[in-house]
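Student: Can you keep this structure in mind? I'll have questions shortly.
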Amino acid sequence: MSGLFEMLEAEEAADRFGRGPIPAAPYYDPAWYADEIEAIFKRQWLHIGHVCEIPEPGNFIRRELDFAAAPLLIVRGKDGEVRTFYNVCTHRGTQLTQDDSGKRSQFSCPYHMWTYGTDGRLLSAPDFEKFHVAKEDCSLKQVATQVLGGLIFIHLGPDPAGSVRDQFGALADEFDKMPCAQAIATTEVSYEIEANWKVHYDNFQENYHLRFIHARTGGPAIGPANPMGYPTHYGFNGPHRSQTLWKNPDPPQLPASMMLSSMRAAALPQPFARDFVKTDFKLFPCLHVVWLSPDTMFTHTHMPVSATRTRSRIRMYWASESESASRAFAREFAMMSLRDVLSEDRDAVEAAQRGIASGVLETINLQDHEVLLRHSYQQVVARVTDWRAARARGSHV
Ligand code: FES
Ligand SMILES: [Fe+2]
């Protein structure tokens with residue numbers, strides 16, 4: 001990871017990014033949230049799925065992006081291409097399917113049977129001669145779609161300025177090396193949480209809470225030499241972040257070691273490398289990528305639903321099908337162990353949101369080891385500020 005990020009110790013990072021309190025309103029204010037959606041979420045490539053979910057022509061998955069009221073169908077076409085369409089019939093708007101996933105050779109609208117190919121083109125429509133439009137003008141509305149390391153990204157903007165590789169810069173090549181690039185199966189947990197997307201994402205950008213919230217599971221990252229379990233370095237690359245976790249030379253054995261042994265069992269046959277340097281990407285705007293062992297990784301994505309609600313999806317990737325019950329169990333166990341750790345965070349995150357949304361605080365306080373939150377906030381502010389200036393000039397699209 002060295003070279004990909006500028007790695008700084010906490011105080012050096014604070015020298016760079018500041019130390020004072022930051023405003024609280026961006027963490028609950030609906031007007032700020034509305035501008036974030038325009039300034040960020042409609043202008044970034046967003047991770048939305050994995051190619052192994054749609055392995056064959058005609059396979060599709062459905063996704064709802066609440067922040068943009070965007071119902072999406074991600075489809076592998078007969079030509080093998082992965083495309084994303086709005087799940088909206090071009091006759092009078094009916095959603096084509098309510099199924100979460102499936103396989104179709106074509107998509108027929110249930111209302112009046114307009115029928116579309118897997119490439120989104122209108123193939124047929126009853127009594128079409130009574131309409132006064134061309135079939136070519138009635139294709140499903142499409143959303144820009146690109147694949148990086150097997151991960152599917154979409155961009156809701158009308159004309160994305162750059163590719164998903166451009167968005168991640170030097171980090172993009174790392175995706176090609178990660179297990180997601182080879183994955184043919186995933187295990188996932190998806191959930192909603194009563195918290196602003198930043199309040200929730202920030203929970204995974206600091207270890208300050210480890211000792212208190214994860215007393216049961218956080219043992220490996222805490223030791224006498226580092227009683228708070230702080231990372232040793234924080235990494236910065238443009239809008240993206242990383243951290244280097246401290247390695248406890250004498251970690252306690254249970255129960256976190258159960259999780260690791262399960263992940264080891266769940267992974268591919270290669271030996272588990274104890275000295276594997278864990279990758280921990282916190283990618284702008286809302287993607288968390290953790291590469292735990294040569295064959296084990298997870299992604300955790302946080303999509304806003306409202307100013308105070310977020311839908312998250314955590315997913316582990318596997319390079320083979322579960323060929324045995326014990327392998328299948330190990331994978332589920334690994335996923336459930338991750339879920340257990342997350343469930344420890346949940347109450348604290350929701351309580352933080354309720355408190356901050358009361359409006360009692362004008363500012364919130366960040367310490368040096370919360371510098372990733374500060375960097376994240378500054379990235380958001382920069383984009384919202386630019387967006388507001390463009391709107392004031394009347395030049396935004
Ligand atoms: S709304 Fe789809 S065919 Fe009429
Ligand atoms: Fe946590």
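Student: Filter segment 293-319 down to residues that are farther than 19 Å from residue 349 by Cα and charged (D, E, K, R) and give me whichever is modelled with the lowest pLDDT.
Tutor: The qualifying residue modelled with the lowest pLDDT is 295.
Student: Would you check if there is a residue in segment 328-344 being surrounded by fewer than 22 Cβ atoms within 10 Å (Cβ to Cβ), at pLDDT 95 or above, away from ligand 1 (no atom under 16 Å from the Cβ) and not aliphatic (A, V, I, L, M)?
Tutor: Scanning segment 328-344, I find no residue that is surrounded by fewer than 22 Cβ atoms within 10 Å (Cβ to Cβ), at pLDDT 95 or above, away from ligand 1 (no atom under 16 Å from the Cβ) and not aliphatic (A, V, I, L, M), so the answer is no.
Student: Residue 186 versus (1) closer than 20 Å to residue 337 by Cα; (2) more than 18 Å from the chain's Cα centre (by Cα): which is the lone unmet condition?
Tutor: Result: residue 186 passes all but (2).
Student: Of the conditions (1) within 24 Å of residue 36 (Cβ to Cβ); (2) away from ligand 1 (no atom under 13 Å from the Cβ), residue 76 clears all except one; give me its number.
Tutor: Condition not satisfied by residue 76: (1).
Student: Which residue pairs have Cβ atoms closer than 7 Å, lie 6 or more positions apart in sequence or on different chains, and pair a first residue in segment 177-190 that is farther than 14 Å from residue 300 by Cβ and touching a residue at least 12 places away in the same chain (Cβ under 8 Å) with a second residue that is surrounded by fewer than 19 Cβ atoms within 10 Å (Cβ to Cβ) and among the hydroxyl-bearing types (Ser, Thr, Tyr)?
Tutor: Short answer, once both residue conditions are applied: 184/320.
Student: Something else: Considering each of 16, 63 in turn, give the residue that is surrounded by fewer than 17 Cβ atoms within 10 Å (Cβ to Cβ) and of a type in the set (D, E, K, R).
Tutor: Residue meeting the stated conditions: 16.
Student: Among the residues that make up segment 185-196, is at least one of them under 30 Å from residue 6 (Cβ atoms) and modelled with pLDDT of 95 or more? Full working, then the answer.
Tutor: First pass over segment 185-196, keeping only residues under 30 Å from residue 6 (Cβ atoms): 195-196.
Then keep just the ones that are modelled with pLDDT of 95 or more; that gives 195-196.
Within segment 185-196, one or more residues are under 30 Å from residue 6 (Cβ atoms) and modelled with pLDDT of 95 or more.
Student: Would you tally the residues in segment 73-100 being under 21 Å from the mean Cα position of the chain (by Cα) and in a loop (DSSP other than H, G, I, E, B)?
Tutor: Qualifying residue count for the region: 1.
Student: Within segment 3-39, can you find the residues that are within 29 Å of residue 173 (Cβ to Cβ) and part of a strand (DSSP E or B)?
Tutor: 5, 6, 7, 8, listed by residue number.
Student: What number of residues within segment 298-316 satisfy the criterion of being surrounded by 15 or more Cβ atoms within 10 Å (Cβ to Cβ) and more than 16 Å from ligand 2 (Cβ to nearest atom)?
Tutor: The number of residues fulfilling the criteria is 12.
Student: Follow-up question, since we're still on this one. State yes or no: is residue 319 closer than 29 Å to residue 277 by Cβ, aliphatic (A, V, I, L, M) and surrounded by fewer than 21 Cβ atoms within 10 Å (Cβ to Cβ)?
Tutor: yes
Student: Going by the structure shown, is residue 174 part of a helix (DSSP H, G or I), outside the structural domain of residue 91 (by TED's automatic domain parsing) and of a type in the set (D, E, K, R)?
Tutor: Yes.
The values are calculated or read from the model by the stated rules, or taken from the named source; none is laboratory data. Quantities reported herein were computed from a predicted structural model and do not represent experimental measurements. Backbone-built Cβ (ideal geometry, glycine too); neighbour counts: all protein chains shown.
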